[in-house]
Amino acid sequence: MRQAELSRNTLETQVSVRLDLDGTGKSTLATGIGFLDHMLDQIARHGLIDLEVRASGDLHIDDHHTVEDIGITIGQALSSALGNKAGVRRYGHAYVPLDETLSRVVVDLSGRPGLVFDVNFSRAMIGEFDVDLVREFFQGLVNHAAITVHVDCLRGANAHHQAETVFKAFGRALRMAVEPDSRSSGVPSTKGSL
């Protein structure tokens with residue numbers, strides 16, 4: 001039962017997340033930020049994670065608090081669903097192309113938060129979405145999931161394609177990392193814990 005349901009309520013946002021790591025890629029998303037819903041759907045579909053996210057926040061100011069808090073809450077839910085991480089592969093990686101764009105994401109369920117983010121977006125906005133918030137989302141997620149993630153957009157000229165390949169690659173890399181390893185039931189670390 002690798003599932004979790006969590007809420008985060010602050011004076012700025014109210015976020016609820018439900019996820020199932022052994023799902024089929026279904027998503028129910030209502031964040032108030034259309035582009036973010038589209039990106040979260042990529043994680044669910046390509047990660048084969050059932051994901052439900054509902055959020056309301058101070059969008060009259062900007063999207064920052066809502067995006068960051070969604071990342072934080074998904075990270076907390078991911079950590080809870082993984083438990084002690086016994087029997088998982090631990091590492092995952094994926095390359096995802098979309099037309100002219102190619103991105104790579106590598107995940108380690110290390111128990112240590114770390115984000116290396118090398119994406120030079122071709123423009124500052126995708127519609128009304130500030131591309132700086134892509135990094136903020138992943139920073140919140142890795143900090144609260146206690147995982148290490150390397151994100152590299154290797155080439156690309158279209159900012160929408162750049163963001164989409166990053167989220168798709170993250171979903172696929174996460175899927176690989178959380179996949180049960182039939183050859184091991186222990187924690188994949190010489191330390192005995194992650």
**Study point:** Size of charge dipole - region 3-178 - debye, nearest 20, with Cβ of Lys, Arg +1 and Asp, Glu -1, no other charges
**Key:** 840
Exercise for review: Return one number: the angle in degrees, 0 to 90 and rounded to the nearest 10, between the long axis of the Cα atoms of helix 34-47 and the longest principal axis of the Cα atoms of the chain.
Suggested key: 20
Check your understanding: What lysines sit close enough to Lys168 to cross-link, taking a C-alpha to C-alpha distance under 28 Å and skipping anything fewer than 8 places away on the same chain?
Key -> Lys26, Lys85
Revision key, fill the gap. Under the rule rounded for a/c under 1.5, else prolate if a/b exceeds b/c, else oblate, using alpha carbon gyration tensor axes a ≥ b ≥ c, the chain is classed as oblate
Review point. For Met1 and Ser193, what does the FRET efficiency come to when R0 = 25 Å and r is the distance between their Cβ atoms, rounded to the nearest 0.05?
Key: 0.75
**Study point:** Under 20 Å from the His38 label point (7 Å along Cα→beta-carbon), backbone N, region 110-145
**Key:** 119-138
Point to revise | Label-point separation, Asn120 to Asn84 (7 Å along Cα→Cβ), nm | key: 4.6
Check your understanding: From the square roots a ≥ b ≥ c of the eigenvalues of the alpha-carbon gyration tensor of region 118-194, which class results: rounded (a/c under 1.5), prolate (a/b over b/c), or oblate?
Key -> prolate
**Study point:** FRET E, pair Leu11, Glu179, Förster distance 45 Å, beta-carbon r, rounded to 0.05
**Key:** 0.70
Check your understanding: Can you give the helix-only mean residue ellipticity at 222 nm for the chain, where every DSSP H stretch with n ≥ 4 adds -39500 (n - 2.57) and the sum goes over all residues, rounded to the nearest 500 deg cm²/dmol?
Key -> -11500 deg cm²/dmol
Check your understanding: In terms of modelled amide H atoms, which long-range or inter-chain residues lie less than 5 Å from the amide H of Glu12?
Key -> none
Review point. Whole-Hz Karplus ³J(HN,Hα) for region 6-23, in order, using 6.51 cos²θ - 1.76 cosθ + 1.60 and θ = phi - 60°, x for Gly and Pro?
Key: 9, 10, 9, 10, 10, 5, 9, 8, 10, 10, 10, 10, 10, 9, 9, 5, 10, x
Study note, to complete from the structure: In terms of the charge dipole of the chain, which places +1 on Lys and Arg and -1 on Asp and Glu at the beta carbon, the residue among Asn9, Ala44, His65 farthest towards the positive end is Ala44
Exercise for review: Please list, in chain and number order, the residues 5+ apart from Leu194 or on another chain whose amide H is under 5 Å from its amide H, with Hs placed from the backbone.
Suggested key: none
Review point. With r defined as the distance between the Cβ atoms of Arg112 and Arg155 and R0 fixed at 22 Å, what FRET efficiency is calculated, to the nearest 0.05?
Key: 0.15
Practice item. Taking the chain as the reference, fit the longest principal axis to its C-alpha atoms, fit the long axis of helix 132-145 to the helix C-alpha atoms, and give the angle between the two in degrees, 0 to 90, nearest 10. Key: 20
Practice item. Please give the helix 64-82 orientation as an angle from the longest Cα principal axis of the chain, in degrees from 0 to 90, rounded to the nearest 10. Key: 10
Review point. Where the centre of each part is set by its Cα atoms, how far does region 33-51 sit from region 80-111, in angstrom?
Key: 15
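Laboratory data are not the source of any read-out in this text; all were calculated from the coordinates shown. Given the structure is predicted, the values throughout are model-derived calculations rather than measurements. Glycine also receives a Cβ, built like all others from the backbone with ideal geometry; neighbour counts cover every protein chain displayed.
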